[in-house]
1. Sequence gap at least 6, Cα distance under 8 Å: using those rules, report the relative contact order of the range 119-228 to the nearest whole percent.
2. Could you check how many percent of all C-alpha pairs in the chain are farther apart than 30 Å?
3. Using Cα pairs closer than 8 Å and at least 6 residues apart in sequence, work out the relative contact order for the chain, in percent.
4. Connecting C-alpha atoms closer than 10 Å in a GNM of the chain, tell me which of D262, D75, D293 has the biggest fluctuation.
5. What number, in percent, do you get for the relative contact order of the range 237-296 if the mean sequence gap of Cα pairs under 8 Å and at least 6 apart is divided by its residue count?
6. Once the Cβ-Cβ distance between R317 and E59 is put in as r, and R0 is 51 Å, what FRET efficiency do you end up with, to the nearest 0.05?
7. Roughly how many whole Å is it from the C-alpha centroid of the range 280-299 to that of the range 245-265?
8. At q = 0.12, 0.15, 0.17, 0.21 Å⁻¹, what is the log10 ratio I(q)/I(0) for the range 222-380, with the Debye formula run over Cα points and no solvent?
Amino acid sequence: MLDSNALRDREYPWMADDPAIYLNAASVGPMPRAAALVADEWTALRAQPHQSPFARMLEAAAVARRQFAALVGADADEIALMPNTTYGLNLAARALPLRPGTILTFDGEFPSCVYPFQALGARGITLDLIPRRDGLPDEDALVAAIEQRPDVVAVVVSWVQFATGFVADLARIGAACRARGVFFIVDGIQGCGVRPIDLHTVPVDLFASGAQKWQLGPWGTGFVYVRRELITALQPLDVGWACMKGSTDYTRLTDYAFDLFDDARRFEVVTLAYHDFAVANAGTALLLELGVDRVAAHLEALGTQVVEWAQARPDVRLVTPADPARRAGVLAFTGADIAGMAERLRARHVIHTVREGAIRLSPHAYTTRDELETVLRVLDG
């Protein structure tokens, strides 16, 4: 069992005195104290750059690749460091060898799963939205389209939906894609760090995530996983000095050898934000220490509290699936008095958000069952 009270004492001492109840990890995850200390340390080093040797910066990036890989069941050489999820999805849209045809996604997806792929019209590629069923992604319809339509060249979905919390069955969708030679691209940001995954056993081609939400890191840090067999098959459209093998030798930068890294670093175009990745490493290390499976079990229990509350209220409609296998940390519900409920939450310093007409609560490992009971009483008015 995950001890959320012990975690708060150690990493979130401000929660003992602050009146806020923080239920908004799906927007911004609060960095643990360990990460804040690293931020202070690296800020001081950045003020005196000569105190931070280049080898230490490279090591921060290497640790980030290793830890992100451990978080998703991949190898470090399959991980490229990115500033955010959207950058990784743009890499998929632009670098994959897509023939003219159709890319499929769910209606209701976060815009980063839509706009980069709508931009491919000049290449004869269109994006089709699979209509929702009862307000949720219609996975059956998506799989049927993959299996029946010869024009489908790629599929892009969120692992966990930002507004509904619906968890896609990546193994099922990926198997359908692999059987038809269709590329499978996943936006993983709303599940990465709070739901276990092994990308070596799930047929995903590219998986992008950012560290600023559930991974408890700073803005501007993220990664993309590229399936090993694809790494050298993809020709990056964005090219800079940092993705070349020669970038490791600062004494010979003008040899101009156009020789990309053979691993996923070939997609790291520019100088990395070493400071920020060092901070992100502390948040990822905490998740790995806690165990993603234990975090997931904790969130399942908290989610059940909200599900049972919503199902007992005739004036509330649960948006998030009740089935634990189909939800992660995002818990959404709507009803006749959503505006009033949201106002009561704000008045009692419950940090939440409203997305697509529903109240969204997103607890994390530091959230206690007692806190959530308090929030539900506030919602009851």
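1. On the way: 154 pairs, mean separation 20.9, N = 110.
Over the range 119-228, the number comes to 19 percent.
2. Working: 30008 of 72390 pairs.
When every Cα pair of the chain is considered, 41 percent fall beyond 30 Å.
3. Working: 738 pairs, mean separation 91.9, N = 381.
Contact order relative to length: 24 percent.
4. Sorting by GNM fluctuation, first place goes to D262.
5. Details: 38 pairs, mean separation 19.5, N = 60.
Answer for the range 237-296 is 32 percent.
6. Numbers: r = 50 Å, r/R0 = 0.98.
Step by step, r from the Cβ atoms, then E = 0.55.
7. 35 Å
8. The calculated log intensity ratios at q = 0.12, 0.15, 0.17, 0.21 Å⁻¹ are -0.73, -0.87, -0.98, -1.28.
Laboratory data are not the source of any read-out in this text; all were calculated from the coordinates shown. All values reported here derive from a predicted model rather than from experimental measurement. Here Cβ is always computed from backbone atoms with ideal geometry, including for glycine, and neighbour counts include all displayed protein chains.
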